[in-house]
Amino acid sequence: MKPMGTEEKLGVDKFSVDEGNAHIIILKDTSSREALKKCVIACPAGLYTMKEDGNIGFDFAGCLECGTCRVLCAGTETLSWNYPQGTFGVEFRYG
Amino acid sequence: MSGDIFDCIIVGAGPSGSIAGYLLAQAGLEVLIIERGNFAGSKNMTGGRLYSHSLEKIIPGFSKEAPVERRVIKETVTMLTGDSSVSLDFQSELLGEEKKDSYTVLRADFDQWLASKAEEAGAILASGVRVDDLIIQDGKVTGVIAGEDEMEADVVILADGVNSLLAQKAGLKAELKPDQVAVGIKEVIELPANVIEDRFNLNPGEGAARLFVGDCTKGKIGGGFLYTNKNSISLGLVFTLSDIGTEGLSVPQMLEEFKQHPAVKPLIKGGKLVEYSGHLVPEGGLTMLPKLYGDGVLVVGDAAGLVINAGYTVRGMDLAIASGEAAAQAVIAAQEKGDYTAPNLAHYKNLLDNSFIMRDLTKYQDFPIFMENHRIFKQYPQLAVDIFKDLYLIDGNPLKPLKKTALSHMKKVGIVNLLKDAWKGGKIL
């Protein structure tokens, strides 16, 4: 199998994105840099990215709803984290 | 159900929730199962393999009816370095014996089947509904809140998975700690059934399970897995979150490297990615056990952290099913008395204490700590490969006695470390 980028892999999955209604929001970036940097490494969907200006960006579309970022940022008040509204988000057809 | 009050509301239609719903409905209770996904299983993912014993007890002969993938008859553990691998392979008819058998599964199909069994028994399944909160009155859970809707029940079973925000809201569970959970990522790679059978030396219907340790996680705590399904391969990695750093290769990048490893690449050659998924695995064992019950509430399955990672096996679904069964039994007993307070629901804990769940969790209680040892993930795979290299690499140069070369490789790890780890590992397992 040829190497594939994460974005390309997510393209294979089925999502119903709740546009304009993010279920995960970065509340504070600078105060919890270490935790967010770990999210850049650990997020299976690669949704946390180090931006050129040094801030960490996040895109909720493509979220696999695992909770890794929630646990890594627990206790830092960095994230507002919830599951997507019912029917929205990823829909595993294999699982 | 009296008025608009259900006898029991179950949050989550995974294996634990559906089994609880199935048994409660069979006993004549009015049961509502609420699932946030569009269908049962649509938010769930497993490595994955189901050990049959606990479901076999509840639905005898289930594997003939359920959408299982393949019956596992071959187990392989492989230690990896960057360019080499050493494997231990166990194949036996015994692996397929009734109640000892295990099956590879894909959850979208499997969970739907199990939820349909609950529905057939009379449970109501409400899909596409996210439960936001619990109704708690005077410390007793009396129902759930989903958006604008409030639904009441005599008792609520929380089967809402590893993150279980609801068990936290009920005050039963502390926030997960990074050393208690691992992130799992997986690709489902489509291949024709005959190709899978040829590649893994299997007969139709038979399956292989493989675990990998070493280079696949770049020496970090975790490992790789491969399970053969009917027409696909489940391939993935698991990393303990406490060992995740702030730089280096990302988890998705490590999966890509794993796929390109010479020991893995030929196994998935020509395959087509059909799904990419991620999930958390509770791996803390007994140390992360929450309070399992409260007034009007019980916690089951992954939500209660009921997973055993013994290194060479990882089990969750068989525990989830047995915990759903125990919760159902406790609720049925509570209904007979008309008392859903914590002291009465403690029966659930008693049932778990006297089952394989607590027996096995107790047996492996020190294992998560033992696994927090980087030698297992770095030095030992290297040691195994070094010894085998000496045995099999023949280039005409004078051969050194194995005893001498093996000893020199062992010295790199440290003989004391080796003995210590062997002793500790032997004691725990």
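The values are calculated or read from the model by the stated rules, or taken from the named source; none is laboratory data. Fair warning: this is a prediction, and the values are worked out from it, not measured in the lab. No Cβ is skipped: glycine too gets one built from the backbone with ideal geometry, and neighbour counts run over all protein chains shown.
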*Could you run through region B:2-28 and say how many residues are surrounded by fewer than 23 Cβ atoms within 10 Å (Cβ to Cβ) and in contact with a helix residue (DSSP H, G or I) (Cβ under 7 Å, 6 or more places away or on another chain)?*
3
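Just to confirm my filter: which helices (runs of 4 or more DSSP H) fall fully inside region B:1-108 and include at least 1 residues that are more than 20 Å from the chain's Cα centre (by Cα)? Even if it seems obvious, please write down each step before you answer.
Working: elements: B:15-26, B:53-58, B:62-65.
Ranges flagged: B:15-26, B:62-65.
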*region A:70-95, residues that are surrounded by fewer than 21 Cβ atoms within 10 Å (Cβ to Cβ), of a type outside the set (Gly, Ala, Ser) and in a strand (DSSP E or B)*: A:81, A:91
*Among (1) part of a loop (DSSP other than H, G, I, E, B); (2) among the charged types (D, E, K, R); (3) without any contact (Cβ under 8 Å) to a residue 12 or more places away in the chain, where does residue B:220 come up short?*
(3)
*Going by the structure shown, is residue B:184 buried (at least 22 other Cβ atoms within 10 Å of the Cβ), within 14 Å of chain A (Cβ to nearest Cβ) and either without any contact (Cβ under 8 Å) to a residue 60 or more places away in the chain or part of a strand (DSSP E or B) (or both)?*
yes
*Among the residues of region B:233-259, count how many are over 16 Å from the mean Cα position of the chain (by Cα), of a type outside the set (D, E, K, R) and either more than 7 Å from chain A (Cβ to nearest Cβ) or farther than 18 Å from residue B:277 by Cβ (or both).*
11
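Could you say whether any residue in region B:415-429 is in a loop (DSSP other than H, G, I, E, B), closer than 22 Å to residue B:288 by Cβ and touching a residue at least 24 places away in the same chain (Cβ under 8 Å)? Working first, answer last.
Pass one, region B:415-429, residues in a loop (DSSP other than H, G, I, E, B): B:429.
From what is left, the residues that are closer than 22 Å to residue B:288 by Cβ are B:429.
After this cut, where a residue has to be touching a residue at least 24 places away in the same chain (Cβ under 8 Å) as well, the list is B:429.
Yes, region B:415-429 contains at least one residue that is in a loop (DSSP other than H, G, I, E, B), closer than 22 Å to residue B:288 by Cβ and touching a residue at least 24 places away in the same chain (Cβ under 8 Å).
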*Within region A:29-69, restricting attention to residues that are surrounded by fewer than 22 Cβ atoms within 10 Å (Cβ to Cβ) and of a type in the set (Gly, Ala, Ser), which residue is nearest to the other protein chains (Cβ to nearest Cβ)?*
A:46
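Answer yes or no as to whether residue A:9 is of a type outside the set (A, V, I, L, M, F, W, C), at pLDDT 95 or above, closer than 28 Å to residue B:273 by Cβ and out of contact with any His (no Cβ under 7 Å at 6 or more places or on another chain).
Values: of a type outside the set (A, V, I, L, M, F, W, C): yes; at pLDDT 95 or above: yes; closer than 28 Å to residue B:273 by Cβ: yes; out of contact with any His (no Cβ under 7 Å at 6 or more places or on another chain): yes.
The answer is yes for residue A:9.
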*From the list A:60, A:15, which residue is farther than 21 Å from residue B:281 by Cβ, not polar (S, T, N, Q) and not in a strand (DSSP E or B)?*
A:60
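Out of the helices (runs of 4 or more DSSP H) lying entirely within region B:327-384, which hold 3 or more residues that are at negative phi and in contact with a helix residue (DSSP H, G or I) (Cβ under 7 Å, 6 or more places away or on another chain)?
Details: elements: B:342-353, B:356-363, B:367-370, B:374-377.
Result: B:342-353, B:356-363, B:367-370.
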*Being under 22 Å from residue B:348 (Cβ atoms) and of a type in the set (Val, Ile, Thr) is the filter here, so list the residues in region B:104-159 that pass it.*
B:131, B:135, B:136, B:141, B:142, B:144, B:155, B:156, B:157
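Answer yes if at least one residue in region A:41-55 is among the polar types (S, T, N, Q) and in a loop (DSSP other than H, G, I, E, B), and no otherwise.
yes
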*Tally the residues that are surrounded by fewer than 18 Cβ atoms within 10 Å (Cβ to Cβ) and either within 14 Å of another protein chain (Cβ to nearest Cβ) or within 28 Å of residue B:216 (Cβ to Cβ) (or both), restricting the search to region B:40-66.*
0
*Give just the number: which of (1) at pLDDT below 95; (2) away from chain A (no Cβ under 14 Å) does residue B:336 not satisfy?*
(1)
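Condition test on residue B:281, is it at the interface with another protein chain (Cβ under 10 Å from one of its Cβ atoms), buried (at least 22 other Cβ atoms within 10 Å of the Cβ) and either part of a strand (DSSP E or B) or hydroxyl-bearing (Ser, Thr, Tyr) (or both)? Before you say what the answer is, go through the steps one by one.
Values: at the interface with another protein chain (Cβ under 10 Å from one of its Cβ atoms): yes; buried (at least 22 other Cβ atoms within 10 Å of the Cβ): yes; either part of a strand (DSSP E or B) or hydroxyl-bearing (Ser, Thr, Tyr) (or both): yes.
Yes.
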*For region B:226-235, state whether one or more residues are of a type outside the set (A, V, I, L, M), touching a helix residue (DSSP H, G or I) at 6+ places or on another chain (Cβ under 6 Å), under 16 Å from residue B:368 (Cα atoms) and surrounded by 24 or more Cβ atoms within 10 Å (Cβ to Cβ).*
no
*For region B:164-174, does any single residue satisfy the condition of being assigned to a strand (DSSP E or B) and either in the same structural domain as residue B:36 (by TED's automatic domain parsing) or within 17 Å of the chain's Cα centre (by Cα) (or both)?*
no
*Counted residues, region B:131-157 - those being within 14 Å of chain A (Cβ to nearest Cβ) and in contact with a strand residue (DSSP E or B) (Cβ under 6 Å, 6 or more places away or on another chain)*: 6
*Which condition breaks for residue B:298 when tested against (1) surrounded by fewer than 20 Cβ atoms within 10 Å (Cβ to Cβ); (2) assigned to a strand (DSSP E or B); (3) not hydroxyl-bearing (Ser, Thr, Tyr)?*
(1)
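If I ask for residues that are at the interface with chain A (Cβ under 10 Å from one of its Cβ atoms) and not in a loop (DSSP other than H, G, I, E, B), which ones from region B:223-232 would you list? I'd like the intermediate steps shown before the answer.
Just the residues of region B:223-232 that are at the interface with chain A (Cβ under 10 Å from one of its Cβ atoms), to begin with: B:229, B:232.
Hit for region B:223-232 is B:232, nothing else.
Can you find a residue that is closer than 30 Å to residue A:72 by Cα and surrounded by 21 or more Cβ atoms within 10 Å (Cβ to Cβ) anywhere in region B:323-341?
yes
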_Considering only residues that are surrounded by fewer than 22 Cβ atoms within 10 Å (Cβ to Cβ) and either touching a Cys at 6+ places or on another chain (Cβ under 8 Å) or away from chain A (no Cβ under 14 Å) (or both), which ones fall in region B:187-206?_
B:192, B:193, B:194, B:197, B:198, B:200, B:201, B:202, B:203, B:204, B:205, B:206
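Has region B:54-73 got at least one residue that is closer than 30 Å to residue B:387 by Cβ, touching a residue at least 60 places away in the same chain (Cβ under 8 Å) and basic (Lys, Arg)? Working first, answer last.
Initial filter on region B:54-73 (closer than 30 Å to residue B:387 by Cβ): B:72-73.
Applying the additional criterion that residues be touching a residue at least 60 places away in the same chain (Cβ under 8 Å) yields B:72-73.
Subsequent filtering for residues that are basic (Lys, Arg) retains none.
Checking region B:54-73: not a single residue is closer than 30 Å to residue B:387 by Cβ, touching a residue at least 60 places away in the same chain (Cβ under 8 Å) and basic (Lys, Arg).
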